[in-house]
Structures are given as C-alpha cells and as structure tokens.
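Data first, discussion second: the structure below is written as structure tokens.
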Amino acid sequence: MRTRQWIRLDNAAKIFPAVARGSDTQVFRLSCELTEPVDARILQQALSEIAVMFPVYQCVLRRGFFWYYLDSTDIQPVVREEYKPPCSAIYSKSNKGLLYEVTYFKNRVNLEMFHVIADGKGAAVFFTALITKYLTLAHGVSASSPFFNASHTQMSNDSFDTYYDDKKHSKAVTRRNSYKIKGAKVAENRLKLITGHVPVDQLLRIAKGYGATITVFLCACLIKAIGSNMSVRARRKPVVIAIPVNLRSFFPSLTARNFFGLVHVEYDFSAASGTLEDIIQEVGKQLKEGLEPERLSSDLNRFSALEHNVFARIVPLPVKNIVMRTAYLLSRRKVTAALSNIGIIDVPFETGYVRSFDVCSATDSMQVCVCSFENCLSISFTSRFISADIQQFFFRMLVQMGIAVEISANNTETE
C-alpha cells in the first residue's frame, strides 16, 4: 500500500477539467505501429512495470472546495483491446479512475491521456519507456540508454511554478476574432482522424527550399489549405493558428507533467497575396517573435499570475469553473485551428520492430499533430467536420511538390 499524497494541478492543467466536454475531451493519443501483432499479455506486464517508475501518473482527479487536485491511488492500469473512438473522454465525475489508458489493436499500441496530467512531450517519455519495456520482454532488445534520466521528484515538478516571477509579466495581446471553420459535423461527438506519413528527408528538402523549418512550412500549408475553403466574405477575418511550444527547450526542466506555452500566428487573406511563399514568410516572422525567450517568460508569468492571486484563490470551484469555461469559449473565437509538433520520437533500442509513431488530439474544431520517427513524419488531422476538403487540399499540395504521402483514416460510421 503506497503512501497517499495529493498534488496541485499545474498552471496549464487547471482549465482542462472545466472545459472538457463533447468532442473537446482534452485527451490526446500517442500510437506506435509495430511490425507484428501486439501480445496483450506481454504489454500488460510491460505496463505494470513501467507504471511503477512513473508515480506522477498513478493518480485520480478529485474536486476540492477551491481547486481540482490529483490524489495518488493504488488502482492498477489495465491493458485493453481498443474499444472506443480515438481521444474519447477519460475523466468523468462518476468515474474516478486513472487519467490515462493503454489499448492495442492488431499491430498498434495506443496511449491516451487526459491533458490534466501531462502534455505530449511529457507523455512521450512514458510511452517510449513502455514500448522499450514491451520489446525487451518480447524480443530481448537491449536499451542503449536508460528509459529516462529524471528522478521522481524532477518528473513531478510543476515547472510553471518553478519559473514564475511575479515581477515580470506582460499584458495580454488583444486579438480580433478569427475565421471559424464551419460545416456539418460528425455525429455523437466523434472525431474524423486522417493521418499522412511522409518521408522526413523529402519534406525537409522542400521546406529548406522555402527557407523554412518543418513547423513553419506545415503551418503555412495548413493556412493555405484553410484559405482554399474560405468564401470572399470569410476572408475578412484572419486565419489564426495556435502553436503549442515545449517550454523545456527554453527553461531547464525534466518534468513529465505539462510545461508548454502557446504562440499564435495569423494570416489575413484580404490584405495579402495568399501565395505559399508569402504565408511562409509571415508565419516564420511571427513564430520567431513568439519564441523569443523574453516573450515566452513574460507569457508564462502572465498565465501563472491568476493562480497566485489571493482573491482568485478564495473563489469556490463552481464559480471558477464557470469563469474558466467562459474565458475558454471566448478565446476559441480567436483561433481557427491548432498545429502541435512534438518533434522527434527517440527510442533507446534497435528499431527493426517499429514502423512509426503517431500523435493526435481531441478538438472542437480542427487540430493537426506532428511527430517524427527515423525518416517517417506523421501528420494527423483531427476534426469535428464531415468534410475533408481542407485535409485533401493539404496533402495534395505535398504530393504536387514531389513528397510521397501515405494516407490512413478512421471510419466514423463504424467505430
């Protein structure tokens, strides 16, 4: 029996329980496609061993009078064959279980996680450790390095609090309402998931030809694809893309919890040429400005200020939920879509047993998630909309540039 302990939610996590509903479950998924069918018995053994090494994830969410909080638990994670649509709700008031699930289907292993306990980069450490342990048990693969190089204390650290400076923060930037994607929606809050696998070397060569990074290039292609679906009147509003930023790249941190910021880039088709070259130039400029360390530090302090406000602390949780939900809905009016690139997935073993890694996220509109493994870059669109015109335009652009694209999609009618 472990000693029970409770953990305060980090700054980013506080809003997720208040806003998770419908298709916007605040759940994300990491997947690994193996070269052979998954052995459920071995996967369960691997999960049981790895879970002990990540006590920060072995918790349930509870409601206090002023805030939600995490409470450690002896509930053991259980592997299941995939049984529900991607990124379905994990947390509910009536279900006080773990905030992550591991499932499998044929050759694929999935980790789904409620955003309250981690972001994609933090969860990727847990997931690669799980896959490494599974292959060690199944095939005796030898890990060339430890699963992770952080202590339990470092993994559970609230890095927002660590780097909060109450004397340095900026005012929020006022942004106008953005263009909103519209159309008939998939039934029962399901998500349309379309994933494209492309060779990293081909994509990188094209991006460099435009003088852009992969993130800038893909963001510009996304904006161009959204623009292709806009009416003349709709072009009066800018297309705004929210880009999560891994703050571990700017502030030393080994936390396995949330530690990310947001950079918003926008493009106004009514005031610009709309060419891919022009969009790339504008996205690159805005993203560079948003990633300046001083800007990121100021934003971190501004977002953390509410948590440290003595008056906000004494407001009861039901009132906080209403305020946070309202603020979230207002902020969504200023974002068209999101693009999240969690970067390279590294594994400490011979990779002959793994084909690819993928990542996707729940959304109430459209989100693109990107990761790469060896020479395979995964681009996953999740969307509430039946139409796939934007996704089709996006991948056709890549093909027309000479980039090979392998497409897969879920069936929202039979899930």
> For segment 173-187, does any single residue satisfy the condition of being touching a helix residue (DSSP H, G or I) at 6+ places or on another chain (Cβ under 7 Å) and either at pLDDT below 95 or in a strand (DSSP E or B) (or both)?
Replying inline: no
> If residue 216 passes every condition in (1) of a type outside the set (Asp, Glu); (2) open to solvent by 40 Å² or more (accessible area, probe 1.4 Å); (3) in a helix (DSSP H, G or I) but one, which one does it miss?
Replying inline: (2)
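So that you can scan it fast, the table gives a plain yes or no per residue for (1) open to solvent by 10 Å² or more (accessible area, probe 1.4 Å); (2) within 19 Å of residue 380 (Cα to Cα); (3) touching a Gly at 6+ places or on another chain (Cβ under 7 Å):
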site	(1), (2), (3)
200	yes, yes, no
203	no, yes, no
209	yes, no, no
246	yes, yes, no
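Considering only segment 366-384, state which residues are crowded, with 19+ Cβ neighbours inside 10 Å and over 13 Å from residue 218 (Cα atoms). If you could, list the steps in order and put the result at the bottom.
Quick first cut of segment 366-384, residues crowded, with 19+ Cβ neighbours inside 10 Å only: 366-373, 376-384.
Across segment 366-384, the qualifying residues are 366, 372, 373, 376, 382, 383, 384.
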> Which residue, of 364, 389, is of a type in the set (Asp, Glu) and modelled with pLDDT under 95?
Replying inline: 364
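Every residue in segment 233-285 that is in a strand (DSSP E or B) and aliphatic (A, V, I, L, M), please. Reasoning before the result, please.
Here is the first cut: in segment 233-285, the residues in a strand (DSSP E or B) are 239-246, 260-267.
Of everything in segment 233-285, those that are in a strand (DSSP E or B) and aliphatic (A, V, I, L, M) turn out to be 239, 240, 241, 242, 243, 245, 262, 263, 265.
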>> Checking the condition more than 28 Å from residue 155 (Cα to Cα), under 23 Å from the mean Cα position of the chain (by Cα) and at pLDDT 90 or above, which residue from 245, 240 passes?
In response: 240
> In segment 106-155, what residues are farther than 22 Å from residue 343 by Cα and small (Gly, Ala, Ser)?
Replying inline: 138, 140, 142, 151
>> Given (1) in a helix (DSSP H, G or I); (2) touching a Phe, Trp or Tyr at 6+ places or on another chain (Cβ under 8 Å), identify the lone condition not met by residue 315.
In response: (1)
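The values are calculated or read from the model by the stated rules, or taken from the named source; none is laboratory data. Computed from a prediction, not measured in an experiment: that's the story for all the values here. A quick note on method: Cβ atoms are made from the backbone with ideal geometry, for glycine too, and the neighbour counts reach across all protein chains shown. Calculation scope for accessible area: heavy atoms of the full protein, side chains included, ligands and nucleic acids excluded. Shrake-Rupley method; radii C 1.70, N 1.55, O 1.52, S 1.80 Å.
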